[in-house]
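Scroll down for the structure; my scribbles are underneath it.
The values are calculated or read from the model by the stated rules, or taken from the named source; none is laboratory data. If you're wondering where the values come from, they're calculated on a predicted model, not measured in any experiment. Neighbour counts are summed over all protein chains in view; Cβ atoms, including those assigned to glycine, are modelled from backbone coordinates with ideal geometry. Side chains included, ligands, DNA and RNA excluded: accessible areas come from the protein's heavy atoms. Shrake-Rupley method; radii C 1.70, N 1.55, O 1.52, S 1.80 Å.
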Amino acid sequence: MDFLAVSHHAGLVAASLVVALVAGFTGLTLTKDLSRKSFGQRKVAIALASVALGGGIWSMHFVAMLGLQMPILFYYDSAITLASALLAILIVGAALILLHFVERTTKTVSLAGSLVAIGILGMHYLGMAGLQLCRAVYTPLGVALAVIAAFGLCTTAFWIAYGHRTKKNILLGTLCFGIAVFAVHFVAISGTRFVQVPSFNELGPIMSNEVLALGVLVSSFVIFGAFLWMGVTFLVPHPTIRHSKRTPAPADREPASEPAQMPPQPTRIPCEKDGTTLFIDPAKVAFVRAEGHYTNIYTDGAQHFCVWPITEATKRLLPQGFLKAHRSYLINPAHVENFERQKDNGLCRFAGANLPPVPVSRSNLKAVRDALGA
């Protein structure tokens, strides 16, 4: 088997790394602070981030492929090329849904990183299958090294980016994600050989490098535009409103009456159901349970999804008479039917027939017992 001589255009190799880094920053910044947004806003942000990250994986791959130089003309199958982009976007979208709509744990973050690794590998090898007039020949070692690089680097990138959702972690996560996408491609290519094929074996219309370059240019233009948009929100702080000093009324003029002060509005808990926001009176809530960056609100016979993280719920509901029973639970003493002591901890049981008991941790045991009068 005669293998073709292969080289790479250095400028396009560098450009492919830039595209990967820009896509990583855009996608990871789009998903920052989603717990403060409504359910609908979170869905839109996840969709946009999936396109940014998945489209960035695809764009990086084909920018690098535009720099692939061989002594023959070769083309691409447009149907397979498009399918590779959709595959990357859908798998990355599944990973982001897992991170932002399921309780975020060690297992969840690792699984999300693994899904993105599968997306990168699937996109790469499906995209390579679209080559026409030449064929990629893989070695077991080359595939194994690409798999190890994908899973190791992607899991690391998501552990860093989602360990703490700070600007520093997002920048470090961006660096790891960009290097992951870049490294997987070139590790895989280094273990790949190419042979000439005498005829086309197309599934869809054939694309030349010029047509592919136009598509990559459009996708990169969109990604860089989103990058600039997110870069402004990332770097520029929100402006503060400065109030001018009030001009005192002249001595011979009767001062205007001050506007009546509105009474403070009672706290209500926003909960999402079927795309609608319900506002629940805290007095009707038996307890609140943490779910990653969100909470579940339990009333008599019903359970609701709340956009507040447990820290926000604690800040708002402790002044309403709620007690912290556990790091993951707040309880409303008015709904507690009985308290059971268990060695170093306890259980609160509620009047509602369908309400499960709530654990009381050792550190909160005395405060809960005193508040309940137990």
Close pairs (9 angstrom Cβ cut-off, 6 or more residues apart or separate chains): under 17 Å from Pro140 (Cα atoms) and among the charged types (D, E, K, R) in region 189-208, at pLDDT below 85 and open to solvent by 80 Å² or more (accessible area, probe 1.4 Å) anywhere: Arg193/Met1
With (1) at pLDDT below 90; (2) in contact with a Ser or Thr (Cβ under 7 Å, 6 or more places away or on another chain); (3) aromatic (Phe, Trp, Tyr) as the list, and Phe200 as the residue in question, which single condition is left unmet? (2)
Pull up region 136-159, narrow it to residues that are open to solvent by 50 Å² or more (accessible area, probe 1.4 Å) and more than 30 Å from Ala5 (Cβ to Cβ), then point me to the one that is modelled with the highest pLDDT. Phe151
What are the residues in region 51-80 that are polar (S, T, N, Q), over 22 Å from Gly11 (Cβ atoms) and open to solvent by less than 10 Å² (accessible area, probe 1.4 Å), if any? none
Which numbered condition Ser35 misses (of (1) under 15 Å from the mean Cα position of the chain (by Cα); (2) touching a residue at least 40 places away in the same chain (Cβ under 8 Å); (3) open to solvent by less than 20 Å² (accessible area, probe 1.4 Å)): (3)
In region 312-333, the residues that are aliphatic (A, V, I, L, M) and surrounded by 14 or more Cβ atoms within 10 Å (Cβ to Cβ): Ala313, Leu317, Leu323, Ala325, Leu330, Ile331
The number of residues in region 326-362 that are touching a helix residue (DSSP H, G or I) at 6+ places or on another chain (Cβ under 6 Å) and more than 17 Å from Pro282 (Cβ to Cβ) is 5
Do we have Ala23 as open to solvent by 30 Å² or more (accessible area, probe 1.4 Å), assigned to a helix (DSSP H, G or I) and within 18 Å of Ala183 (Cα to Cα) here? no
Under the condition of being open to solvent by 80 Å² or more (accessible area, probe 1.4 Å) and among the hydrophobic types (A, V, I, L, M, F, W, C), which residue from region 180-210 is nearest to Leu121 (Cα to Cα)? Leu203
Which ones in region 339-356 are of a type outside the set (Gly, Ala, Ser) and open to solvent by less than 60 Å² (accessible area, probe 1.4 Å)? Phe339, Leu347, Cys348, Phe350, Leu355, Pro356
So in region 357-374, with the set limited to residues that are in contact (Cβ under 8 Å) with a residue 24 or more places away in the chain and of a type outside the set (A, V, I, L, M), which one is most open to solvent (accessible area, probe 1.4 Å)? Arg369
Hits in region 88-113 - residues which are over 14 Å from the mean Cα position of the chain (by Cα) and either crowded, with 20+ Cβ neighbours inside 10 Å or small (Gly, Ala, Ser) (or both): Ala88
